[in-house]
């Protein structure tokens with residue numbers, strides 16, 4: 001069994017709760033729905049304008065970050081992979 | 001306003017006909033508490049429940065002509081009956097009553113089925129023509145008055161509401177899964193489909209003829225628009241519109257009882273009330289609805305208009321507790337799942353009208369469809385505008401201006417706004433372009449459909465069925481007219497005039513009258529060039545011009561606020577006891593339509609939030625109303 005590198009573990013620390021939040025909050029626990037890391041949340045109708053604010057609220061609370069208004073853009077938040085990269089980047093700063 | 005029911009065919013034993021017709025009529029007594037009657041002629045049976053408004057003493061139904069060859073059971077009003085009656089008298093016809101019902105009988109006798117084109121009114125009727133041994137069912141142009149039918153063997157049964165058909169032995173209530181898919185996509189079943197499998201609606205502007213064992217259904221009227229680019233100059237359009245609305249309102253005040261008016265605080269009902277107030281010798285009575293939340297309440301504007309007109313105004317406040325308490329009975333009246341609670345407060349408003357001793361009210365319905373008032377028209381125009389410059393942040397920020405009442409949108413960046421509205425990344429030649437974002441976001445509620453239901457539906461696509469119903473000339477119309485057609489032909493009768501109109505008004509024996517849906521106004525509005533309706537992003541442009549001097553500038557110029565009611569927050573605030581029952585694992589499992597575990601999570605989410613997303617609201621109200629529908633109707637068939 002291969003071990004995780006430090007970076008992978010850190011990414012998983014972000015990815016796991018975000019994924020769980022999306023499944024619980026936007027898919028209502030339905031694990032049968034595919035949720036690949038690069039799937040667009042908007043194009044697949046998982047979030048609407050209120051849903052984005054729910055997601056931002058969760059990120060701020062869970063990771064102790066402040067998401068600036070200008071950062072609420074699809075480039076940062078529209079897929080699991082983008083959210084993980086965004087949070088990882090914020091933490092690095 | 002009344003209730004109609006009946007049958008045609010050999011499937012009803014003579015000894016049972018009277019009892020059956022009485023049962024059907026009794027189930028419609030809310031539509032007509034004043035009188036009832038039946039008529040049986042062998043294999044034809046007609047029943048009627050009456051709400052007396054015109055010809056109080058001599059308008060009993062079913063009504064026959066002197067020869068008893070023609071018999072009619074009719075629901076509605078023919079507003080130009082005075083003029084039609086005078087024309088018929090001039091031709092030598094003699095009338096026995098003062099009612100509009102008798103006018104239809106004479107006109108049919110004179111013109112046959114062409115009589116329908118002469119009628120300016122809202123109607124649904126069954127006419128038995130004993131000479132030709134044929135039953136005719138007909139419905140008004142826009143579908144103001146309802147009419148449903150089903151068959152048992154070769155026998156046709158029909159009624160104003162489906163609950164009357166469910167009193168016929170052998171007719172059972174089963175939810176049509178495709179209708180559910182349509183509602184969870186388009187907000188309405190596509191007529192003739194209804195929520196009930198095997199029970200059909202006679203579509204608006206259609207008639208059905210049953211004769212010699214043949215069933216023929218066809219359109220006698222349909223909505224149309226000029227080809228794009230075919231625009232005639234209309235220098236006098238504003239004056240023309242004002243004159244038309246004046247006359248449309250005048251003839252809708254015809255009744256032997258006082259007619260009141262709704263005042264929502266918006267332009268349309270203010271305009272209609274202003275016209276009516278000038279015509280009534282006695283003080284006009286107006287009625288309005290208020291909410292506790294500022295987000296939904298328009299009391300300030302209602303009071304302004306009432307005091308401007310000097311009318312006798314009565315307002316009622318609708319609380320979350322009222323909506324939650326009324327919701328199950330509203331589902332029973334509208335007879336279909338709904339995605340919003342908005343019909344419930346309107347049931348409270350019609351109860352106020354009834355308790356005030358008023359039987360008929362004018363409303364402003366139809367103006368948003370005819371004169372491009374809805375946000376969706378502006379949204380589609382803006383999406384096209386943004387699509388031409390997808391990188392423009394300024395353009396996408398305009399979406400916030402469309403929806404000042406949606407706080408979630410106000411916090412969004414231009415990048416998200418562009419994505420939410422799909423600006424620039426859609427097919428502009430899609431016939432459903434204007435409505436595609438709405439259909440897509442509504443469809444997300446289908447996430448909760450059970451695996452069994454999903455399997456039953458297979459690859460069914462409600463939007464593809466909608467496209468298949470569009471007429472050939474649709475593709476030649478201006479994009480605004482295409483969008484107006486979708487609202488006017490599908491959503492107006494399928495939701496606005498039924499779930500928010502006839503059904504919640506008749507629940508309290510109140511008749512709605514709609515000056516904007518006068519056929520002359522409909523034709524006039526359709527013939528106008530798009531920019532006379534949607535001028536830039538200014539909605540109802542010509543109507544605002546016509547309202548000047550009649551409606552205060554503050555109301556004419558205020559941003560449009562669509563009628564909405566609190567949705568899932570209603571249930572979060574009140575937690576009504578029935579919710580636990582209809583959303584229990586047992587009830588969800590028994591219904592078989594939804595995924596119980598997902599519904600439980602949705603319930604837990606929305607019931608602890610102050611505000612829910614559009615997506616969660618839609619799913620939650622849709623699921624609660626579907627479960628209430630099952631509870632109300634399908635258990636009855638067991």
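What follows draws every value from the coordinates through simple rules; no lab data is involved. Computed from a prediction, not measured in an experiment: that's the story for all the values here. Cβ atoms come from the backbone with ideal geometry, glycine included; neighbour counts cover every protein chain shown.
Full extension of the chain between residue B:464 and residue B:600 yields a length gain of 45.8 nm, computed as 0.36 nm times the residue separation minus the alpha carbon distance. Computed on the Cα atoms alone, the convex hull of the protein assembly as shown gives a volume of 168 cubic angstrom per residue. Dividing the convex hull volume of the alpha-carbon atoms in segment B:1-155 by its residue count gives 108 Å³ per residue.
Peptide packing: for B:256-267, B:363-374, the average count of neighbouring Cβ atoms within 10 Å per residue gives the ranking B:363-374, B:256-267, highest mean first. Considering only alpha-carbon pairs that sit under 8 angstrom and 6 or more positions apart, the relative contact order computed for chain B is 16 percent. Ranked by how many other Cβ atoms sit within 10 Å of their own Cβ, fewest first, the residues B:186, B:70, B:113 fall in the order B:113, B:70, B:186. Calculated on C-alpha atoms, the gyration radius of segment B:121-241 divided by its Kirkwood radius gives an Rg/Rh of 1.10. For the segment B:57-65, counting C-beta atoms of other chains within 10 Å of every residue's C-beta and taking the mean gives 0. Per-residue ellipticity at 222 nm, computed for chain B from helices alone with -39500 (n - 2.57) per DSSP H run of at least four residues, works out to -11500 deg cm²/dmol.
The mean number of partner chain beta-carbon atoms within 10 angstrom of a residue's beta-carbon across peptide A:47-59 is 6. Here the calculated FRET efficiency for residue B:26 and residue B:578, from their Cβ-Cβ distance with R0 = 22 Å, stands at 0.30, rounded to the nearest 0.05. For segment B:147-202, the relative contact order comes to 34 percent (Cα pairs under 8 Å, sequence separation of at least 6).
Highest mean first, the peptides B:569-579, B:200-210 sorted by other C-beta atoms within 10 Å per residue fall in the order B:200-210, B:569-579. Over all pairs of different C-alpha atoms, segment B:231-274 has a mean inverse distance whose reciprocal, the Kirkwood radius, equals 12.2 Å. The slack in the chain from residue B:538 to residue B:440, taken as 0.36 nm per residue of separation less the alpha-carbon distance, amounts to 32.7 nm. The Stokes-Einstein estimate for chain B, based on a Kirkwood radius over Cα pairs and taken at 20 °C with 1.002 mPa s viscosity, is a diffusion coefficient of 85 µm²/s. Within 10 Å of the Cβ of each residue in B:447-455, the mean number of Cβ atoms contributed by other protein chains is 1.
Residue exposure proxy: B:2, B:115, B:318, ordered by other Cβ atoms within 10 angstrom of their Cβ from fewest to most, comes out as B:115, B:318, B:2. Between the alpha-carbon centres of segment B:57-87 and segment B:464-535 there is a gap of 28 Å.
Across segment B:2-219, C-alpha contacts under 8 Å between residues 6 or more apart give a mean separation that, scaled by the residue count, equals a relative contact order of 20 percent. The ratio of the alpha-carbon radius of gyration of segment B:192-251 to the globular-protein estimate 2.2 N^0.38 Å is 1.84.
As a calculated quantity, the FRET efficiency between residue B:527 and residue B:91 at R0 = 25 Å, using C-beta atoms, amounts to about 0.20. Protection proxy ranking of B:327-335, B:221-229, by the mean of other Cβ atoms within 10 Å over each peptide's residues and highest first, is B:327-335, B:221-229. Normalising by residue count, segment B:499-638 has a Cα convex hull of 206 Å³ per residue. Each DSSP beta bridge with both residues in the protein assembly as shown is either parallel or antiparallel, and the antiparallel ones are about 75%. Each part gets one Cα centre, and for segment B:341-388 versus segment B:557-630 those centres are 22 Å apart. Each part reduced to its alpha carbon centroid, segment B:323-339 and segment B:157-227 end up 20 Å apart.
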